[in-house]
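One structure is given below, encoded as C-alpha cells.
The values are calculated or read from the model by the stated rules, or taken from the named source; none is laboratory data. These figures come from a predicted structure and were not determined experimentally. Glycine gets a Cβ as well: all are built from the backbone with ideal geometry, and neighbour counts include every protein chain shown. Just the protein is used for accessible areas: all its heavy atoms, side chains included, with ligands, DNA and RNA removed. Shrake-Rupley method; radii C 1.70, N 1.55, O 1.52, S 1.80 Å.
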Amino acid sequence: MNRAADPAEQLPKTLADKLGYLIDIHVRQADQRGDGSGRWPTFEKLAAEISEATGKSISHGYLHQLCRGHRDNPTLHHLQGLAEFFRVPVAFFTDDESTREIIAQYELVLAMRSSRIREICTYAPLLDGEGLDEVTALVKSLAIGRQSSAEPRSPQG
C-alpha cells in the first residue's frame, strides 16, 4: 500500500490484501520497538506467534494460502484468531467501512510517532477554523506535489 497516496484510494479489498496490511503494520511496530528486521516473518514463525498468542491454532500452510489469496473463505475460528492477534475486530476482514476506519486509526497512530507531526498537532488547537483549513490545504498540496514529482515520468516521444 502506497502510504503517500490517498488511503481511501488504496483501501485493501481482498482478505489477502487486508492480511498483508496487518502484517506490514505488525512489522513496522516491531521495528519501532527495535526488535524487528523490517521484513515479514516467515509464515511458520507468524503462524506460531498467532497460535501461541490466541490459543487458536493456524497452520503456516493455511496462513500462506490466505495471505497469497489462494484461500479466501476462512472459518470464523481462524478469523477470530487473526483478529485477536492483530487487535482488530473481525469486521476488519468482512466490512469495507470497518476496514477504512481501522486503517485510518492505525495510520494516525503511526504518524503521531513522528516528532514533527506531534509538533504540528501541538500548535493546531491554537488556530481558528480558517487557519486549520489553510494548514490542511497546504499540507495536502505539498503531499500531492511531492508524490507526483516522485513518480517516474514516461519517456517523451
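A quick yes/no check of all residues on (1) touching a strand residue (DSSP E or B) at 6+ places or on another chain (Cβ under 9 Å); (2) under 28 Å from residue 49 (Cα atoms); (3) free of Cβ contacts under 8 Å to residues at least 24 places away in the same chain:
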{"site": "74", "(1), (2), (3)": "no, yes, no"}
{"site": "87", "(1), (2), (3)": "no, yes, yes"}
{"site": "98", "(1), (2), (3)": "no, yes, yes"}
{"site": "103", "(1), (2), (3)": "no, yes, no"}
{"site": "121", "(1), (2), (3)": "no, no, yes"}
{"site": "129", "(1), (2), (3)": "no, no, yes"}
{"site": "136", "(1), (2), (3)": "no, no, yes"}
{"site": "139", "(1), (2), (3)": "no, no, yes"}
{"site": "147", "(1), (2), (3)": "no, no, no"}
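One residue stands out in the stretch 99-157 among those that are under 22 Å from residue 20 (Cβ atoms) and either exposed (fewer than 10 other Cβ atoms within 10 Å of the Cβ) or among the basic types (Lys, Arg) (or both): the one that is modelled with the lowest pLDDT, namely 113. Of all the numbered requirements in (1) open to solvent by less than 70 Å² (accessible area, probe 1.4 Å); (2) under 18 Å from residue 26 (Cα atoms); (3) touching a Ser or Thr at 6+ places or on another chain (Cβ under 6 Å), residue 84 misses one, and that requirement is (1).
Pairs meeting the criteria (first residue in the stretch 51-64 and more than 9 Å from residue 78 (Cα to Cα), second residue open to solvent by 60 Å² or more (accessible area, probe 1.4 Å), beta carbons under 6 Å, at least 6 apart or on different chains) are 51/57; 54/84; 60/44.
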